[in-house]
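The numbers here are math on the coordinates, done by the rules we state, and not lab data. As the structure is a prediction and not an experimental result, all values here were calculated from the model. Here the Cβ is made from the backbone with ideal geometry for all residues, glycine too, and neighbour counts use every protein chain on show.
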Amino acid sequence: LHVAVAIRDDDAYAERMTTTTTIFAVSSGAGRAGVAVLRVSGPAVPEVLRAMVSPVPTVRQVAFRTIRHPVTQQPIDRAVVFWFAAPLSETGEDVAEFQVHGGPAIVRAMLDALGSFPDTRLAEPGEFIRRAFENGKVDLAEVEGLADLVEAETEGQRRQALAQAGGSLSRLTESWRSQLIDIAALTEAGIDFSDEGDVSSTALAAARARAIPLLADIQAHLDDGHRGEILRSGFRVALLGPPNAGKSSLLNALAQRDVAIVSDEAGTTRDVIDVRLDLEGLPITISDTAGMRQTSGMVEREGIRRSLAAARDANLVLWLSETGDDLPPHEIADRPVLSIRTKADLFDAVRVSRESKVNGGLAISSTTGAGLDVLLSQLAERARSAIGVSGQIDAPVVTQARHRHSLELARDALSSFMAGNPLELELRAEDVRRAVYALGRITGRVDVEDVLGQIFSRFCIGK
Ligand SMILES: Nc1nc2c(ncn2[C@@H]2O[C@H](COP(=O)(O)OP(=O)(O)OP(=O)(O)O)[C@@H](O)[C@H]2O)c(=O)[nH]1
Ligand SMILES: [Mg+2]
């Protein structure tokens, strides 16, 4: 009892903390720009508006006003001002937004003005969206979708993130969760009537009948070939091959800039170098690696170890070799490999065309650019089939390991509910509760304190 009381006091304290401080930040990007957006959220917003603009704008209406410093009353700028009154705002609190001209001196003066109130302070990264989450405006899956949306680099990523930010994953998990709650109710009913054996076993049978399609649906989403996760983090391609095969030259040619050092000295590259490309809307990460060979050099051996690690993480390995005689190392035997012959410009034309027919491999030249278009279209093809984007295909909902992990826990709990001893009804009810809890973690309905910091810190200050 003592502990419970202490926890409640802590909660009340945390509540007071969030509702008494008013936060502000520049929400637009850094540097000189046409417009800079400053946002303020918290109970001091009406006071801030009264002190800085006159007359105070009507709630939810665009106003154009002279903005004044609250202490000196000197004008700072003439600008657009909004006021969204609680709870109808993005954070659920009173929110003001100033769209001032984007010069650094104006932004500095605005920050100084907003910081001059007794209960205002600069926001932490992601603090606006965190308040929105705490006020029930968005759930955790939507927050993650928003973070992905801000970071989206390609069309495919943007579409997937927009769907998640709009609640696609949340709606699905909530529908699963409500089915589970029905299953839990039936199971609990079985417990209540456990002295009447018939009623109790009928209730469990009914609950299990409902769990069958649910389990299949969850499993189907787990069996999506990791499409959502690959789209989110990028299709990974590792360039592997013997030293001097031309791996770094190919990386530079694909990136169209000088990313990696190229030299005729074998063993030039030591670290793994990543370049991100946008191939037909799909994100591709190409990793240049150290050449594979037997060596006694400590640094080079570490480089080779990293090459193999990158290859094992990759969705596709491009095995580059000048002669076509070298074979990929056994460590990556289970990875999908595309073999490529490099420096085609050094071969005589007849031999190349004959040999490429013989082994079906692709020949390229980073120097002349020959074969690169074919290589790029093959990469796009592989990425498309891994990600499964064909326009109308129903979008995968699992976009990161956190979701997958929770879904696996829910599936395992449901499997145990299906297979466990039907006479141990309390244990079966506990299985369902575990599944409900696991799904609740995806949207943050249940305690997820352990992941909150990590998720919100992905945002910049001002979001
Ligand atoms: N003629 C010709 N030379 C090339 C081509 N690609 C690379 N080279 C040359 O081959 C040598 C090695 O190229 P790199 O790209 O550094 O080879 P690497 O595979 O990265 O080598 P390591 O980093 O040492 O493993 C350099 O002298 C390049 O100029 C090509 O397509 N044609
Ligand atoms: Mg290299």
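Points worth noting:
- Measuring max minus min along each principal axis, the C-alpha atoms of the chain give extents of 81, 80, 45 Å (largest first).
- Taking packing as the residue-averaged number of other Cβ atoms within 10 angstrom, the listed peptides 323-331, 430-438, 102-110 run from highest to lowest as 430-438, 102-110, 323-331.
- Alpha-carbon centroid distance for the pair the range 120-162 / the range 406-452, whole angstrom: 27
- Here the dipole of the range 33-166 is about 660 debye; that uses its Cα centre as origin and unit charges on the Cβ of Lys and Arg (positive) and Asp and Glu (negative).
- Within the chain, percent of DSSP bridges classed antiparallel, to nearest 5: 60
- Whole-Å semi-axes of the ellipsoid equivalent to the range 63-221 (Cα gyration tensor, √5λ, descending): 52, 20, 11
- Charging the Cβ of each Asp and Glu at -1 and of each Lys and Arg at +1, and nothing else, the dipole of the range 116-195 about its Cα centre rounds to 340 debye.
- The length gained by stretching the chain between Q73 and E381 to full extension, at 0.36 nm per residue less their Cα-Cα distance, is 104.7 nm.
- Here the mean projected area of the convex hull built on the C-alpha positions of the range 360-459 is 12.5 nm².
- Mean ellipticity per residue at 222 nm, deg cm²/dmol - from DSSP H runs of n ≥ 4 across the chain, formula -39500 (n - 2.57): -15500 deg cm²/dmol
- Simple label model, 7 Å out from Cα along Cβ direction - E151 to D182, nm: 3.7
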